[in-house]
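Reviewing the structure listed below.
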Amino acid sequence: MSKPTITILVPVYNEGRNIPKLVSELHAVTAGIDRYDFSLLFVDDGSSDDSVAQIEALAAKDSRIRLLELSRNFGKEIALTAGIDALDCDAVIIMDADLQHPPSYIPQLIDRWEHDSEVVVARRTRIDKQPLARRLGSSVFYKLLNAISDFPMEPGTTDFRLLDREVIDALKSFREKNRMVRGLVDWMGFRRSSIDFAAPERTAGVAGYSYAKLAQLAINSFMSFSLLPLRLAGYLGMFSTMVFGALLLVMGIDKLTGDVFRFSSISFVIVVNALLNGVVLLSIGLVALYIGHIHTEAVDRPLYLVRRKKGPRTHA
Ligand code: UDP
Ligand code: MG
């Protein structure tokens with residue numbers, strides 16, 4: 001019987017200087033694990049440097065290295081999606097090309113998988129020399145996301161993950177366009193475990209994610225995992241409708257009875273205006289509820305996922 005297969009999936013955007021080092025480190029690590037057949041799938045996300053040439057040169061010497069070349073830069077999440085769609089293996093290990101996800105942790109990921117985890121997440125415990133703004137941004141992002149989303153997302157978890165075949169197949173059924181792959185994986189459930197790793201600095205090249213791109217990613221995640229931002233306008237509207245409605249009532253009663261407070265007519269104009277603004281916001285909130293429904297239908301996520309495998313696991 002042939003050995004179970006593990007594919008290492010690496011999205012690449014201008015990583016020419018990192019690829020040879022990554023490949024040699026991966027070879028060193030996987031050479032010590034002979035119960036699996038390893039292969040390496042690079043997804044080139046429209047690099048403008050010599051990444052493709054580097055990968056092709058390595059692939060010419062080693063048939064276990066494959067390259068999927070995207071027509072232009074689509075961003076890491078789409079590059080990952082393209083890679084996942086192309087997979088046919090018993091497990092995938094997703095990692096960055098810049099050696100910030102050290103290959104030396106691969107045996108631990110596999111060990112957890114063998115102990116029956118379907119998703120093994122590598123959690124970053126320390127980032128050397130990340131700018132403060134970035135660390136702060138990341139922490140605020142996770143706090144907010146967790147506050148508003150329906151399921152927990154762990155801070156510090158990365159795309160450095162091992163996914164079982166079951167999870168890969170399930171992931172292929174997600175066709176939503178604005179996506180964050182690790183968010184989807186978190187949404188999916190399955191048997192999970194995590195390992196900790198210390199992320200070193202990126203070895204060469206520059207981080208492809210500018211602050212603008214990160215902000216875009218954050219907004220996408222909020223919008224795809226919660227409808228709360230949509231409803232906020234409605235809540236605000238409900239609040240001001242109630243407050244100014246009550247105020248108008250009090251002012252009206254006062255005017256009709258003793259006129260103790262002597263509300264000026266301009267104050268009536270202001271309060272009526274504020275009340276109407278509240279009604280408008282409330283209506284926006286109502287519209288948002290409908291948009292929310294349309295959003296859920298349009299994203300067309302599977303309603304539930306099933307774990308098909310029964311009995312002893314084949315890879316164990
Ligand atoms: N990447 C990609 N497309 C992009 C940007 C990045 O495929 O548009 C890849 C990149 O080559 C690397 C991984 O995604 O393998 C993580 O990128 P980076 O190191 O720039 O991000 P960070 O470490 O800041 O999360
Ligand atoms: Mg990086």
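Here are the numbers for this structure:
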| item | result |
| --- | --- |
| Hydrodynamic radius by Kirkwood, which averages 1/r over all alpha carbon pairs of region 1-71, in angstrom | 12.6 Å |
| Pair Leu136, Lys255: separation of 7 Å Cα→Cβ label points (nm) | 4.9 nm |
| Choice from Leu163, Leu249, Leu22 showing the highest fluctuation, given a GNM over the chain with Cα pairs closer than 10 Å | Leu249 |
| R0 of 35 Å, Cβ-Cβ distance Tyr304-Gln216: FRET efficiency to nearest 0.05 | 0.70 |
| Which of Phe42, Phe261, Phe268 is most accessible, then next, and so on - probe 1.4 Å | Phe261, Phe268, Phe42 |
| Cα-Cα over 20 Å, subset of Lys3/Lys76; Lys3/Lys61; Lys21/Lys172; Lys177/Lys213; Lys76/Lys177 | Lys3/Lys76; Lys3/Lys61; Lys21/Lys172 |
| Percent breakdown of C-alpha pair distances by 5 Å bin, ordered from the shortest bin, for region 1-119 | 2, 11, 23, 25, 21, 11, 5, 2, 0 |
| Contour minus Cα-Cα distance for Ser265 and Phe239 (0.36 nm per residue) | 7.0 nm |
| Ranked order, Asp50, Asp300, Asp169, Asp159 - accessible area, probe 1.4 Å, largest first | Asp300, Asp50, Asp169, Asp159 |
| Global size of region 40-104 as Cα Rg and Dmax, reported in angstrom | 11.8, 32 |
| The chain, accessible surface, carbon-and-sulfur percent (1.4 angstrom probe) | 62 percent |
| Heavy-atom accessible area per residue - the chain, 1.4 Å, Å² | 53 Å² |
| Long-range amide H partners of Ile8 with built H, under 5 Å | Ser39, Leu40, Leu41, Ile93 |
| Karplus-derived HN-Hα couplings along region 60-69 (A = 6.51, B = -1.76, C = 1.60, θ = phi - 60°), whole Hz, x at Gly and Pro | 5, 8, 9, 6, 7, 9, 10, 10, 10, 10 |
| Beta bridges per DSSP with both ends in the chain, % antiparallel, nearest 5 | 25 percent |
| Ile33-Leu248 pseudo-label distance in nm [points 7 Å out on the Cα-to-Cβ vector] | 6.7 nm |
| Solvent-accessible surface (1.4 angstrom probe) belonging to Arg66, in square angstrom, nearest 10 | 100 Å² |
| Pair Ala53, Glu25: separation of 7 Å Cα→Cβ label points (nm) | 2.4 nm |
| Length released on extending from His293 to Ser193, taking residue separation times 0.36 nm less the Cα-Cα span | 32.7 nm |
| Using alpha-carbon coordinates, inclination of helix 265-299 to the longest axis of the chain, degrees | 30 degrees |
| Solvent exposure, largest accessible area first (probe 1.4 Å, DNA, RNA and ligands not counted), of Val10, Val243, Val269 | Val269, Val243, Val10 |
| Residue (of Val243, Asn178, Tyr36) at the positive-pole extreme of the chain, dipole from beta-carbon charges | Val243 |
| Size of charge dipole - the chain - debye, nearest 20, with Cβ of Lys, Arg +1 and Asp, Glu -1, no other charges | 580 debye |
| 10 Å binning of all Cα-Cα separations within the chain, expressed as whole percents from 0 upward | 5, 22, 28, 19, 10, 7, 6, 3, 1, 0 |
| In degrees, nearest ten, helix 19-31 long axis to first principal axis of the chain (Cα) | 70 degrees |
| Tilt relative to the chain, helix 76-85 - C-alpha long axis, 0 to 90 degrees, to 10 | 60 degrees |
| Extension gain from Lys3 to Arg17, taking 0.36 nm per residue of separation minus the Cα-Cα distance | 1.8 nm |
| The chain - mean residue ellipticity at 222 nm from DSSP helices (-39,500 (n - 2.57) per run, n ≥ 4, rounded to 500) | -16000 deg cm²/dmol |
| Residue with peak Gaussian network fluctuation, the chain [Cα springs, cutoff 10 Å], from Val181, Val23, Val306 | Val306 |
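The values are calculated or read from the model by the stated rules, or taken from the named source; none is laboratory data. All figures in this text were calculated on a predicted structure; none of them were measured in a lab. Heads up, the Cβs are rebuilt from the backbone with ideal geometry, glycines too, and the neighbour counts pull from every protein chain shown. What goes into the accessible areas is simple: the full protein's heavy atoms, side chains included, and nothing from ligands, DNA or RNA. Shrake-Rupley method; radii C 1.70, N 1.55, O 1.52, S 1.80 Å.
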